[in-house]
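Below is one structure, written out as structure tokens, with a few remarks after it.
The values are calculated or read from the model by the stated rules, or taken from the named source; none is laboratory data. If you're wondering where the values come from, they're calculated on a predicted model, not measured in any experiment. All Cβ positions, even for glycine, are placed from backbone atoms using ideal geometry, and neighbour counts span all protein chains on display. Only protein heavy atoms, including side chains, enter the accessible area calculation; ligands, DNA and RNA are left aside. Shrake-Rupley method; radii C 1.70, N 1.55, O 1.52, S 1.80 Å.
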Amino acid sequence: PQGKKKTKLDTSFRCLLCNHEESVTVNMDKQQRIGTLRCKVCSARFESAVTHLSDAVDVYSDWVDACNQVNQPDEYASDDSRARRRPADRPPPPAARDEYGRH
């Protein structure tokens, strides 16, 4: 029997701020447990906590969630009828940071 082929995940992504394709790259520092995302065009940056199971797409997904939370606060309200559910083992993403590390 043949071995299973591992599906290759994306490592570069479209920037949510400047909309350039393949301009966002992710650096994973699993020893420090931090994933850092950076756009080569507009220098947007984002950091997210990672685990040994995390991949670049997870950091990008956390950035998308954080941007959505900032842009659509009603979707993330504390009211149970409007709250978006997240898996219990995955904490909410940290706030997005600019290139100077500010929220």
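On the given criteria, is Asp74 among the acidic types (Asp, Glu) and not in a loop (DSSP other than H, G, I, E, B)?
Against the criterion (among the acidic types (Asp, Glu) and not in a loop (DSSP other than H, G, I, E, B)), Asp74 qualifies.
Looking at the structure I just gave you, is Ser48 at positive phi and touching an Asp or Glu at 6+ places or on another chain (Cβ under 6 Å)?
no
What are the residues in the range 19-66 that are assigned to a strand (DSSP E or B), without any contact (Cβ under 8 Å) to a residue 40 or more places away in the chain and open to solvent by 70 Å² or more (accessible area, probe 1.4 Å), if any?
Asn27, Arg38
List pairs: first residue in the range 1-17 and within 13 Å of Asp55 (Cα to Cα), second residue open to solvent by 80 Å² or more (accessible area, probe 1.4 Å) and among the charged types (D, E, K, R) anywhere in the structure, Cβ distance under 7 angstrom, at least six positions apart or on different chains.
Here the result reads Ser12/Glu22, each pair linking the range 1-17 to a residue that is open to solvent by 80 Å² or more (accessible area, probe 1.4 Å) and among the charged types (D, E, K, R).
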